[in-house]
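K.L.:
Please read through the structure below; I'll follow up with questions.
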There are 2 protein chains.
Amino acid sequence: MDAVTEAAGGRKADEVKSAARVLEVLELLGRDGARLSLAEMASAMSVPKSSLHAILRTMQARRWVDLDSAGTRYSLGLKALLTGTAYLEGDDVASLAGPVLDTLAEETGEAVHLGRLDGTDVVYLAKRESRHALRMYSAVGRRLPAHATALGKAVLSQYDAAEVQRRLNWPLERLTPDTVTGPDDLLAQLAEARLRGWALDDGENAVDIRCVAVPLGATPSGGDALSCSAPRSRMDDARLEEVASAVTGAAHSLRTLLKRLGQH
Amino acid sequence: MDAVTEAAGGRKADEVKSAARVLEVLELLGRDGARLSLAEMASAMSVPKSSLHAILRTMQARRWVDLDSAGTRYSLGLKALLTGTAYLEGDDVASLAGPVLDTLAEETGEAVHLGRLDGTDVVYLAKRESRHALRMYSAVGRRLPAHATALGKAVLSQYDAAEVQRRLNWPLERLTPDTVTGPDDLLAQLAEARLRGWALDDGENAVDIRCVAVPLGATPSGGDALSCSAPRSRMDDARLEEVASAVTGAAHSLRTLLKRLGQH
DNA sequence: ATCGAGCGTTCAGATGACCGAATGGCGTTG
DNA sequence: CAACGCCATTCGGTCATCTGAACGCTCGAT
């Protein structure tokens, strides 16, 4: 029955306007690295300046946004730091993953990640850096399109074709020349991943980066997966298999820890 | 000129009610590790259930809070993860501190922190873990009273007595038997820290933990400091001096990096 | 089975927020 | 030196949110 609200190209139904705006401000400042003026934000959000002004005053008073000394540029405040880390501490999967990621990072020597599917994106929940000098960039909280990452494909491989069709926005966004964009290609890759037990990203998200991921199965909060990424120069096909089995082992350990937790 | 707003023992001036409530929800879920029901939150915040209900619906639709499968317990959502890390990425001090902390952690082998004063609290902006098995607990985003931490005292030692009196809430909260609570004791410690160049926390915040901190001087966003913490068993007076000089060196490096950045 | 306590949810009236235009301050341009 | 552009900020009328009480529901206890 919620189709009614979404139909007619309409606004969201019963939303509290200023509540939604607060969240939109946080998302805006979080995305663009901050440093925006009131006028810039108002136009970006299509909200009257005067309305946004009152909201920003409230947020500033509570230290959720900072105003620079000139009084003209807003950025995220210190209170914003609290929520991110608190989310991770309150999450069973993320907090149990620590030791597993440590082990996996040590075994492989490469960058390893815990990711979670959120809509059409994958969000990094935790990471361990590669010990090599040549590193890939990543950050906890960062989002990447699910269809272009091993993590995303690992999670999606647990769903059936109809579910995948429903969840993603077609056509898929292209990030590199190798990004898969059509449903047929993606579904074929997912089927392969399902059989094999792990998903592959071969330069589909960042050129020259190969990445292997294994889904964690039914976790309370949607779909999680573990991955290991490295530059192609350190990840030939043979090495890929090695890494995949290490990641599979780590995923198995984490699943075991989660089961144990579930039984109190 | 910001004294005007704080003066007059001010009631909340023009706050947008639902905006303030959104932030309060995030703070509440962030503090208590989440898992709260609507009724619990409503009573904790002294807000009618029905009002909070609409706000939580809005937050849930945007994935800033999650509702468990039973539909009765709220926790932080995935969007909350974005702001915390974005704050750190947008902050010059925090992003330059990485390598400096790495070096300091390697030199000392103990837990090292970058902290920032926020009101009467110190917030951890970054940390590196001790390499010993016996570790102290800490987390980025976590808050501790400034007067009971080396980080807080390091920052406060840069202000004069009147400023310190004004900034803190007297009497100071007692966390351990050794916490200083009176103005005279604290001001004496701050004067000592100013002369010596580093501040000390000797079990005033957590029993058996000793911590050394050095202020970073005038940073754009208030007061920052670097610290190194260890259990008393690994931190006798001689070791304290050693560690203090390592932290001082690290603080100097970081100040140099910041100056260089300031000159483009 | 019956009751009751707790939960999330709904609704119509009262209150407070939102909006657009107008104001005053500041740095930059002609 | 003056005029402009851009900025944050204020103010009263209109409308949407907030409110408190009532509802249906799922539990656990009687």
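K.L.:
Name the residues in the stretch B:41-58 that are within 11 Å of chain A (Cβ to nearest Cβ) and of a type in the set (A, V, I, L, M, F, W, C), would you? Break it down into steps so the answer makes sense when it comes.
P.N.:
Taking the stretch B:41-58 as the starting set, the residues that turn out to be within 11 Å of chain A (Cβ to nearest Cβ) are B:51-58.
If the condition is that a residue be within 11 Å of chain A (Cβ to nearest Cβ) and of a type in the set (A, V, I, L, M, F, W, C), then B:52, B:54, B:55, B:56 are the ones that fit.
Results for (1) under 22 Å from residue B:146 (Cβ atoms); (2) hydroxyl-bearing (Ser, Thr, Tyr), shown as yes or no for each residue.
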site: B:223; (1), (2): yes, no
site: B:227; (1), (2): yes, yes
site: B:235; (1), (2): yes, no
site: B:238; (1), (2): no, no
site: B:242; (1), (2): no, no
site: B:245; (1), (2): no, yes
site: B:249; (1), (2): no, no
site: B:254; (1), (2): yes, no
site: B:258; (1), (2): yes, no
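K.L.:
So which helices (runs of 4 or more DSSP H) stay within the stretch A:84-190 end to end and still have 3 or more residues that are hydroxyl-bearing (Ser, Thr, Tyr)?
P.N.:
A:92-108
K.L.:
Considering only residues of the stretch B:80-95 that are surrounded by fewer than 24 Cβ atoms within 10 Å (Cβ to Cβ) and at the interface with chain A (Cβ under 9 Å from one of its Cβ atoms), which is nearest to residue B:23 (Cα to Cα)?
P.N.:
B:85
K.L.:
Can you say whether residue A:94 is over 28 Å from residue A:56 (Cα atoms) and of a type in the set (A, V, I, L, M), as far as the supplied structure shows? Working first, answer last.
P.N.:
Numbers: over 28 Å from residue A:56 (Cα atoms): yes; of a type in the set (A, V, I, L, M): yes.
Criteria met by residue A:94.
K.L.:
What residue, among those in the stretch B:14-34 that are more than 7 Å from chain A (Cβ to nearest Cβ) and of a type in the set (D, E, K, R), is nearest to DNA strand D (Cβ to nearest atom)?
P.N.:
Going through the qualifying residues, I end up with B:17.
K.L.:
Would you be able to say whether some residue in the stretch A:59-72 is assigned to a strand (DSSP E or B) and either over 20 Å from residue B:142 (Cα atoms) or more than 14 Å from every other protein chain (Cβ to nearest Cβ) (or both)?
P.N.:
For the stretch A:59-72, residues assigned to a strand (DSSP E or B) and either over 20 Å from residue B:142 (Cα atoms) or more than 14 Å from every other protein chain (Cβ to nearest Cβ) (or both): present.
K.L.:
Considering only residues that are within 16 Å of DNA strand D (Cβ to nearest atom) and of a type outside the set (Gly, Ala, Ser), look in the stretch A:70-79 and name the one that is surrounded by the fewest Cβ atoms within 10 Å (Cβ to Cβ).
P.N.:
Result: A:72.
K.L.:
Here is a further query. Please determine whether any residue of the stretch A:189-210 is under 30 Å from residue B:71 (Cβ atoms) and in the same structural domain as residue A:151 (by TED's automatic domain parsing).
P.N.:
no
K.L.:
I've got another one for you. Considering B:190, B:186, B:195, which residue is farther than 11 Å from residue B:150 by Cβ, free of Cβ contacts under 8 Å to residues at least 60 places away in the same chain and in contact with a Leu (Cβ under 6 Å, 6 or more places away or on another chain)?
P.N.:
Result: B:190 is the single residue among B:190, B:186, B:195 that is farther than 11 Å from residue B:150 by Cβ, free of Cβ contacts under 8 Å to residues at least 60 places away in the same chain and in contact with a Leu (Cβ under 6 Å, 6 or more places away or on another chain).
Residue-wise test of (1) in a strand (DSSP E or B); (2) touching a helix residue (DSSP H, G or I) at 6+ places or on another chain (Cβ under 7 Å); (3) among the aliphatic types (A, V, I, L, M).
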| position | (1), (2), (3) |
| --- | --- |
| A:201 | yes, yes, no |
| A:211 | yes, yes, no |
| A:217 | yes, yes, no |
| A:242 | no, no, no |
| A:247 | no, yes, yes |
| A:250 | no, yes, yes |
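K.L.:
Just one of (1) within 23 Å of residue A:255 (Cβ to Cβ); (2) touching a helix residue (DSSP H, G or I) at 6+ places or on another chain (Cβ under 8 Å); (3) of a type in the set (D, E, K, R) trips up residue A:121, so point out which.
P.N.:
Unmet condition: (1).
K.L.:
Among the numbered criteria (1) of a type outside the set (Ser, Thr, Tyr); (2) under 17 Å from the mean Cα position of the chain (by Cα); (3) within 10 Å of residue A:128 (Cα to Cα), which one does residue A:86 miss?
P.N.:
With respect to (1) of a type outside the set (Ser, Thr, Tyr); (2) under 17 Å from the mean Cα position of the chain (by Cα); (3) within 10 Å of residue A:128 (Cα to Cα), residue A:86 is out only on (3).
K.L.:
Being buried (at least 17 other Cβ atoms within 10 Å of the Cβ), among the aliphatic types (A, V, I, L, M) and out of contact with any Asp or Glu (no Cβ under 8 Å at 6 or more places or on another chain) is the filter here; which residues of the stretch B:160-199 pass it?
P.N.:
Passing the criteria: B:164, B:168, B:172, B:186, B:187, B:190, B:193, B:199.
A quick yes/no check of all residues on (1) assigned by TED's automatic domain parsing to the domain that holds residue A:73; (2) over 26 Å from the mean Cα position of the chain (by Cα); (3) modelled with pLDDT under 85; (4) away from DNA strand C (no atom under 15 Å from the Cβ):
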{"position": "A:8", "(1), (2), (3), (4)": "yes, yes, yes, yes"}
{"position": "A:12", "(1), (2), (3), (4)": "yes, no, yes, no"}
{"position": "A:15", "(1), (2), (3), (4)": "yes, no, yes, no"}
{"position": "A:19", "(1), (2), (3), (4)": "yes, no, no, no"}
{"position": "A:29", "(1), (2), (3), (4)": "yes, no, no, yes"}
{"position": "A:37", "(1), (2), (3), (4)": "yes, yes, no, no"}
{"position": "A:44", "(1), (2), (3), (4)": "yes, no, no, no"}
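The values are calculated or read from the model by the stated rules, or taken from the named source; none is laboratory data. Given the structure is predicted, the values throughout are model-derived calculations rather than measurements. Reconstructed Cβ throughout: ideal geometry from the backbone, glycine too, with neighbour counts over all protein chains shown.
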